[in-house]
Amino acid sequence: MSFAAESANTYSTEAHEEARKAENKRKTEALEKIVKENFRPTIDDFSSSPVHRRFIRKDKEYVARNQRNFEYSKSADDQYHPKAIEYLVQFSINNGNLFYDEEGESYTADSIWPTEFDDFSNRVDAAFFLRSSDFKCPVAFDITTKPDESGVREKILISSNDKNLGYPVGFTDIRYCRDEDGDLSWQTHVPKYCVGVDKRTIDDTLEHSSVPEFGDLNIDKEQTALISFKILYEMSMQNQLFISPLMDEYNNDGKLTREEDQDLDNLGTIELITQQELRRLTKELPSDIRLALGPADENGEYDPDKVANLFIDRDSAFRDKTFTTIIKVTQSIQKDLDQSPYKISHLAELSFREDYKKTSIYRGFDEAATAATRRSEHFYDNRNTKTPVIQRQPQATPQPQASRKIA
């Protein structure tokens with residue numbers, strides 16, 4: 001190929017990619033318009049709520065201040081991907097594509113729409129109620145698209161910027177939220193997970209999706225399954241991390257407070273449902289991924305760990321750097337806890353301090369962080385050995401996997 005022909009081919013490829021990004025950005029903006037006009041509440045919507053009224057003025061000032069900081073700090077590369085994945089996840093929940101038991105409908109997910117306050121203060125980008133016949137628990141996601149190990153570690157260990165909550169690591173509040181019925185509420189003790197996928201997965205999903213200016217979003221079923229699988233696998237890995245300290249407290253002292261016991265029961269039920277959902281999703285993955293995995297089992301499903309390793313393997317065409325980073329950092333935190341005298345609350349405090357040094361977004365919480373760490377230490381005393389997940393119900397609970405591959 002001549003130099004001129006090669007240059008023309010390169011220009012054509014770059015032009016196509018730029019056009020693709022422009023179209024995906026347009027779709028993201030259309031999604032944002034749908035969300036803001038039809039779903040996402042504002043703080044002012046809670047002005048008649050007795051439990052919210054006294055916080056509204058201060059919280060609106062907090063949001064305005066942090067919006068300015070965010071706009072100043074974001075780069076051109078972050079123009080649409082973070083918002084796109086946030087909306088794609090929320091719409092997957094809203095449209096029944098995530099946590100849907102098609103055989104018996106024994107569990108389901110109902111959307112919760114948080115305000116920008118909870119994005120900035122409680123690190124909640126998307127949320128939902130996970131339900132079964134006798135179970136209902138709010139669940140929150142802190143979403144990322146960056147394969148940045150220090151950033152992911154901070155997102156896992158710092159559940160909320162408001163350290164006055166005093167919760168175990170892995171739990172936060174959603175102060176202002178609206179559910180699918182339009183009811184406004186303040187949700188407490190919400191399990192929160194750092195989840196994400198790479199920008200390639202987001203762009204591929206947007207490209208295969210129809211996003212009308214008004215109306216329902218039509219996301220490709222296989223792409224939805226791909227994003228959902230990655231997110232739920234990340235969620236499962238962190239679930240085991242959050243369960244272990246509470247189990248240690250139970251094994252050491254023989255008892256838990258009412259809140260601790262409820263937190264532990266919620267995490268155990270979430271893990272059981274997540275494992276079911278992961279296996280269901282393997283049947284709906286894109287055909288090229290299923291082809292690379294080889295034959296499925298008699299139910300048409302794949303081992304979730306085998307699927308995850310395909311996204312972690314350096315030699316795989318399907319490698320996802322963001323997914324790999326989240327899994328790698330989660331296991332690194334667990335290793336730190338297993339091989340050192342540190343408590344998870346201490347690791348969280350160190351991460352909070354480092355994050356505070358980097359940005360002024362969290363100014364005002366530093367003194368509260370120290371006090372909250374002291375108050376929460378009783379959750380994590382005498383940590384010596386690794387405890388199997390949900391030891392109280394070994395016959396019904398999936399055990400941690402020892403062979404998960406890290407590239």
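Only one of the numbered conditions (1) of a type outside the set (S, T, N, Q); (2) surrounded by fewer than 18 Cβ atoms within 10 Å (Cβ to Cβ); (3) more than 25 Å from Tyr107 (Cβ to Cβ); (4) at pLDDT 95 or above is not met by Trp186, and that is (3). So, Thr172, is that one closer than 28 Å to Ser48 by Cβ, buried (at least 23 other Cβ atoms within 10 Å of the Cβ) and not small (Gly, Ala, Ser) or not? In short, yes.
I need a count of the residues in the stretch 265-289 that are among the charged types (D, E, K, R) and touching an Asp or Glu at 6+ places or on another chain (Cβ under 9 Å).
5
Annotation: Ile231 fulfils all but one of (1) surrounded by fewer than 23 Cβ atoms within 10 Å (Cβ to Cβ); (2) in contact (Cβ under 8 Å) with a residue 60 or more places away in the chain; (3) assigned to a helix (DSSP H, G or I); the unmet one is (1).
Taking the options Arg131, Arg68, name whichever one is basic (Lys, Arg) and at pLDDT 85 or above. Criteria check complete, one pass: Arg131.
Taking (1) buried (at least 19 other Cβ atoms within 10 Å of the Cβ); (2) modelled with pLDDT of 90 or more; (3) closer than 21 Å to Asn122 by Cβ in turn, Ser236 satisfies each apart from (3). Total residues in the stretch 166-194 satisfying the condition of being hydroxyl-bearing (Ser, Thr, Tyr) and more than 13 Å from Asn122 (Cα to Cα): the figure is 1.
So, Arg363, is that one more than 26 Å from Pro245 (Cβ to Cβ) and modelled with pLDDT of 85 or more or not? Spell out the reasoning first.
Details: more than 26 Å from Pro245 (Cβ to Cβ): yes; modelled with pLDDT of 85 or more: no.
Taking the combined requirement at face value, the residue does not satisfy it.
For the stretch 217-242, residues that are among the basic types (Lys, Arg) and touching a strand residue (DSSP E or B) at 6+ places or on another chain (Cβ under 6 Å) total 0.
Is it the case that Tyr193 is of a type in the set (Phe, Trp, Tyr), assigned to a helix (DSSP H, G or I), in contact with a helix residue (DSSP H, G or I) (Cβ under 9 Å, 6 or more places away or on another chain) and modelled with pLDDT of 95 or more? The answer is no for Tyr193. The numbered conditions (1) under 29 Å from the mean Cα position of the chain (by Cα); (2) at pLDDT 85 or above; (3) of a type in the set (A, V, I, L, M) are all true for Ala19 except (1).
Within the stretch 245-301, being assigned to a helix (DSSP H, G or I), of a type in the set (A, V, I, L, M, F, W, C), surrounded by 20 or more Cβ atoms within 10 Å (Cβ to Cβ) and modelled with pLDDT of 90 or more holds for Leu264, Leu267, Ile270, Ile273, Leu278, Leu281, Ile289.
The values are calculated or read from the model by the stated rules, or taken from the named source; none is laboratory data. Everything quoted here is computed from the prediction, not taken from an experiment. Virtual Cβ from ideal backbone geometry, glycine too; neighbours counted across all protein chains shown.
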